[in-house]
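Notes follow once the structure below has been shown.
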Amino acid sequence: MARKEFGVVGLGKFGLSLAQSLMRHGQQVVGLDIDPEKVKAAAETLTHAYQAEAVDKTALQQLGFGELPEVIVSTGHSMEASILVTLFLKELGCRNVTVKAISHDHEKVLRKVGADSVIFPERYAAEQLAAKLAVPGLIDYLPLGTNVVLKQLVVDKWAGKNLRELNLTNAYGIQVVAVRAAEEQQFVFVPKADAALRKGDTLAVIGRGESLEGLIS
């Protein structure tokens, strides 16, 4: 995985969690917040953490945020702050700015001032939870179209057959992306089409929810 440098403006619960997750993925992260306690906590895990006022364009420039390839703006419920920070970052030359929004009107303004991506973390989390409650075995609800899901299927009646024989893409409109043997902890991605499946093996499959509903494997 290529190592990139990210900026995170706003080190509240979402911003700090995102920054720490990026670090765990082997990336470099520069954090910024006006709260000294948040900066102190972030400094323990991030590449760099700075205390400064995010709506100060000069501070953003001096700290090099305009030169970062990707910056995520998470300034809590302050619409004004997120709009100004987004505007300043784009004026400073930041190539990709992702912003946390709190409403559709907020999103409209953010896009008008140059935001490349707008996210609604609470809505995304709610959709994921609802999908997992509604679809047993769900791994992830994917924003790739209407009702596209990644789900686990445990092999029973398909035991002894291989993926080529099952022809799941044509038969059910689904694709197997990984297989985990019954006695293993890890999935093997891009599984071999001619390998026989055994009872208790787990398949990670992608497809529309209606294609997977009630499917007996």
Along the Cα→Cβ direction, 7 angstrom out, place labels at HIS104 and ALA181. What is the inter-label distance in nm? 5.2
Residues in region 179-217 near a label at ARG164, defined as backbone nitrogen under 16 Å from the 7 Å Cα→Cβ point? 191-197
The answer for trypsin sites (Lys or Arg not before Pro) in region 156-217 that fall in a DSSP coil and have at most 14 neighbouring Cβ atoms within 10 Å is LYS157, LYS161, LYS192, ARG198, LYS199
Would you mind getting the Kirkwood hydrodynamic radius of region 5-123 from its Cα pairs, rounded to one decimal in Å? 13.8
Sorting SER82, SER21 on the 10 Å Cβ count, fewest up front, what's the list? SER21, SER82
Can you give the helix-only mean residue ellipticity at 222 nm for the chain, where every DSSP H stretch with n ≥ 4 adds -39500 (n - 2.57) and the sum goes over all residues, rounded to the nearest 500 deg cm²/dmol? -9500 deg cm²/dmol
With the crude spin-label approximation of a point 7 Å out along Cα→Cβ, what separation in nm comes out for PHE189 versus GLU213? 3.0
Using a basic spin-label model with each label point 7 Å from the Cα along Cα→Cβ, how many nm lie between SER117 and LYS40? 3.3
Candidate lysines - alpha carbon under 20 Å from LYS199, same-chain residues fewer than 8 apart omitted: LYS151, LYS157, LYS161
Looks like region 130-212, by Cα gyration tensor root eigenvalues a ≥ b ≥ c and the a/c under 1.5 rounded cutoff (else prolate when a/b is bigger than b/c, oblate otherwise), is prolate
How big is the Kirkwood radius of the chain, worked out from every pair of different alpha carbons and given in Å to one decimal? 19.9
At 0.36 nm per residue, and after removing the present C-alpha to C-alpha distance, how many nm does the segment from GLU80 to ASN147 gain when stretched out fully? 20.7 nm
Going highest first, how would you order 5-18, 26-39, 112-125 by mean Cβ packing within 10 Å? 5-18, 26-39, 112-125
Measure nothing but the geometry: give the 0 to 90° angle between the long axis through the Cα atoms of 79-91 and the longest principal axis through the Cα atoms of the chain, rounded to 10°. 90
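Quick note: the coordinates plus some simple rules give every number you see, no bench work behind them. Just so you know, these numbers come straight off a predicted model, no measurement behind them. Don't worry about glycine lacking a Cβ; one is built from the backbone with ideal geometry, like all the others, and counts go over all protein chains shown.
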